[in-house]
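One structure is given here, and the rest of the page talks about it.
The values are calculated or read from the model by the stated rules, or taken from the named source; none is laboratory data. As the structure is a computational prediction, the values presented were derived from the model and not from experiment. Neighbour counts run over all protein chains shown; Cβ positions are idealised from the backbone, glycine included. Just so you know, the surface numbers come from the protein's heavy atoms only, side chains and all, with ligands and any DNA or RNA stripped out. Shrake-Rupley method; radii C 1.70, N 1.55, O 1.52, S 1.80 Å.
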Amino acid sequence: LTHLGVSVLTAQDAKEKARLSAHIADLWFAGKITEVGCTPVPDEPGRPSNVEILEPKNVPKRGMGSDAGRIAMLHSLVHIENCAIDLTWDIICRFVQGPYNMPREFYDDWVKIAQDEGRHFNLLNDRLEELGSFYGSLPAHSGLWESAMETKHDLMVRLAIEHMVHEGRGLDVTPKTIQSFRSGGDRKTAQILDVILKDEITHVTAGLKWFSHICQHRKQPSSSTSSSTATDNNNNNDDDNVSITSIVDPIPEYHRIVKEYFRGYLKAPFNKEARSAAGMTEEWYMPLTREAEQEQQQHQQKEGEKMSSSTSTSSSSSPSPSTITTTTSDAINSINVDQLSLK
């Protein structure tokens with residue numbers, strides 16, 4: 001599977017990437033590919049020679065109030081789907097030798113997604129050509145692939161940033177894009193995006209599903225246990241290298257990773273209906289907004305002032321040491337633990 005996946009990544013022609021993705025998926029689900037394999041993955045995928053790649057800040061921004069603006073948006077969507085093909089095969093091929101030992105169902109899900117992304121590319125590219133343009137007629141950027149390379153060291157980070165943050169954002173902005181095409185009289189493109197949006201919900205579901213799976217099945221060496229336990233087992237050499245399962249709460253772990261690897265905050269408005277359909281309820285993303293961060297800081301400041309006041313009062317009245325301990329403990333316990341876990 002990875003050998004064929006890398007052939008998609010290295011292909012330069014975007015239509016060939018889509019064709020190969022569909023063909024490999026057919027072979028995989030027919031049982032004609034039986035091994036995942038382990039093939040070295042390139043850090044740069046093949047790209048059409050006629051597509052000019054610029055820095056994201058240098059790509060011209062066009063409104064959708066004109067035919068030219070809608071063509072530019074459609075071209076951008078075609079490019080995104082081409083990148084999505086590469087991103088999906090990269091997650092299939094890159095992390096085979098990682099520490100997580102993913103089951104076959106993981107590969108089933110992402111091969112299906114690769115097939116979807118190829119189909120989305122074909123739908124949008126065909127529409128672009130129907131409107132008299134072509135992929136490569138305008139410049140594009142490689143921001144999504146650059147983000148992928150920043151997360152290539154860890155499957156959990158890749159899932160969180162690419163397939164939950166970025167694809168989650170896609171769920172938020174696509175309805176407005178659909179409405180813009182529809183308002184401009186391009187119902188056909190709007191209908192294509194309706195179909196793609198339904199598929200993208202399942203892609204966010206996959207990201208969340210496998211992120212949560214890793215949190216619940218992550219393995220750590222037994223040597224990471226306490227020194228007392230290691231001493232107790234000193235005479236049992238057979239157990240020295242046994243791995244243990246370390247269960248992590250996925251939502252706080254997602255918050256931690258996003259704060260470390262994603263630049264900035266998640267931005268409203270959110271497509272709560274689509275996110276919920278994907279399994280991404282509000283506790284996953286609302287704490288990662290600027291507003292939530294500000295509320296948390298204000299809450300912590302108030303609690304700090306309350307603790308300081310309590311300590312000052314206790315000191316002036318000279319209570320017994322046991323009373324001081326009780327007062328401070330009560331103040332600490334009054335802090336919202338869920339909010340503190342986000343820092």
**Study point:** For the stretch 123-136, 3J(HN,Hα) per residue [Karplus equation, 6.51 cos²θ - 1.76 cosθ + 1.60, θ = phi - 60°, Hz, x = Gly/Pro]
**Key:** 4, 6, 5, 4, 5, 4, 5, 4, 8, x, 10, 7, 5, x
Review point. Per-residue HN-Hα couplings for the stretch 81-86, Karplus 6.51 cos²θ - 1.76 cosθ + 1.60 at θ = phi - 60°, whole Hz, x for Gly and Pro?
Key: 5, 4, 5, 5, 4, 4
Exercise for review: For each pair in Lys198/Lys272; Lys112/Lys198; Lys112/Lys176; Lys176/Lys272, compute the distance between the two Cα atoms and list the pairs where it is over 20 Å.
Suggested key: Lys112/Lys176
Point to revise | Rg to Rh quotient for the stretch 1-121, alpha carbon positions, Kirkwood Rh | key: 1.04
Practice item. Could you check how much of the accessible area of the stretch 61-172 is carbon and sulfur, as a whole percent, using a 1.4 Å probe? Key: 52 percent
Check your understanding: Of the listed peptides 128-137, 263-272, what is their order by residue-averaged count of other C-beta atoms within 10 Å, with the highest listed first?
Key -> 128-137, 263-272
Point to revise | Under 5 Å, built H, 5+ apart or other chain: amide partners of His141 | key: Leu54
Exercise for review: Work out from phi, with θ = phi - 60° and the Karplus expression 6.51 cos²θ - 1.76 cosθ + 1.60, the ³J(HN,Hα) of each residue of the stretch 275-289, listed in order in whole Hz, and give x for Gly and Pro.
Suggested key: 4, 5, 4, 7, x, 9, 6, 4, 5, 6, 10, 4, x, 9, 8
Practice item. Using per-residue counts of other Cβ atoms within 10 Å, averaged over each peptide, order 107-118, 18-29 from highest down. Key: 107-118, 18-29
Practice item. Report the local net charge at Asp199: Lys and Arg +1, Asp and Glu -1, summed over other residues whose C-beta lies under 14 Å from its C-beta. Key: -4
Point to revise | Sorted peptide list for 34-47, 143-156, criterion being average Cβ within 10 angstrom, highest first | key: 143-156, 34-47
Check your understanding: Thr289: net charge of surrounding residues, Cβ under 10 Å, Lys/Arg +1, Asp/Glu -1, itself excluded?
Key -> -1
